[in-house]
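The values are calculated or read from the model by the stated rules, or taken from the named source; none is laboratory data. No experiment lies behind these values; they were computed from the predicted model shown. Here the Cβ is made from the backbone with ideal geometry for all residues, glycine too, and neighbour counts use every protein chain on show.
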Amino acid sequence: MPMTVPVLLISMLLFFVLFYGIGFLLNMLLRMTWIMAVIYPIIAILIVDKVRFTEYFTAPSASFSSLGEVISHLAPADMLILGSGLVGAIAAGLTMRYLRKKGYRMF
C-alpha cells in the first residue's frame, strides 16, 4: 500500500519531534551535546534491519551484507522519514550549543 503525502509529512514531523525531544533530554541529563546524533544511526539500523544486534559481532560479514541490502531496498518515503529523525537529533545538538553559548548553565 503506497504512502500518501499527508501520512508522509506527519511521519516526518513525528520522527523529527521524537528524536529532537529525546536528544534534548539526553543532552540535558548527560551534558554531551552530540550524543543523540551519534546514537541515532544505531537506532535507525535497529529499526530497519531484521538481524539481531549481537549478530553484528558474531557474524559481521553476513549481518552487514544484509544491512546493505535492506538499506538499498528502502523506499524513498522511508528514507525521508529516517532522515527527518536524524535532522531532529542534529537540531537538538545545535540547540544545546546555542543555549550553552547564551549562558544557560543547565544545558
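Summary table
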quantity: Of the criteria (1) of a type in the set (Phe, Trp, Tyr); (2) surrounded by 11 or more Cβ atoms within 10 Å (Cβ to Cβ); (3) at pLDDT 90 or above, which one Phe107 fails; calculated: (3)
quantity: Answer residue from the stretch 44-57, given it is under 10 Å from the mean Cα position of the chain (by Cα) and in contact (Cβ under 8 Å) with a residue 24 or more places away in the chain and is surrounded by the most Cβ atoms within 10 Å (Cβ to Cβ) among those; calculated: Ala44
quantity: Candidates Met12, Met96, filtered to the one that is modelled with pLDDT of 95 or more and touching a Ser or Thr at 6+ places or on another chain (Cβ under 6 Å); calculated: Met12
quantity: Where Thr33 falls short, out of the listed (1) part of a helix (DSSP H, G or I); (2) of a type outside the set (Gly, Ala, Ser); (3) at pLDDT below 90; (4) surrounded by 13 or more Cβ atoms within 10 Å (Cβ to Cβ); calculated: (1)
quantity: Some residue of the stretch 61-76 being in contact (Cβ under 8 Å) with a residue 24 or more places away in the chain, exposed (fewer than 14 other Cβ atoms within 10 Å of the Cβ) and more than 13 Å from the chain's Cα centre (by Cα); calculated: yes
quantity: Residue check, Val5 under 14 Å from Leu80 (Cα atoms) and either modelled with pLDDT under 90 or not hydroxyl-bearing (Ser, Thr, Tyr) (or both); calculated: yes
quantity: Residues (hydrophobic (A, V, I, L, M, F, W, C) and touching a Phe, Trp or Tyr at 6+ places or on another chain (Cβ under 8 Å)) located in the stretch 72-87; calculated: Ile81, Leu82, Leu86, Val87
quantity: Some residue of the stretch 11-27 being farther than 28 Å from Leu94 by Cα and touching a residue at least 60 places away in the same chain (Cβ under 8 Å); calculated: no
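Residues checked against (1) assigned to a helix (DSSP H, G or I); (2) in contact with a helix residue (DSSP H, G or I) (Cβ under 7 Å, 6 or more places away or on another chain); (3) not β-branched (Val, Ile, Thr):
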| residue | (1), (2), (3) |
| --- | --- |
| Val38 | yes, no, no |
| Ile43 | yes, no, no |
| Val70 | yes, yes, no |
| Gly85 | yes, yes, yes |
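Table: residues versus (1) within 23 Å of Val7 (Cα to Cα); (2) in a helix (DSSP H, G or I); (3) in contact with a Phe, Trp or Tyr (Cβ under 8 Å, 6 or more places away or on another chain).
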position: Leu46; (1), (2), (3): yes, yes, yes
position: Tyr56; (1), (2), (3): no, yes, yes
position: Ser65; (1), (2), (3): no, yes, no
position: Ala89; (1), (2), (3): yes, yes, yes
position: Tyr98; (1), (2), (3): no, yes, no
position: Gly103; (1), (2), (3): no, no, no
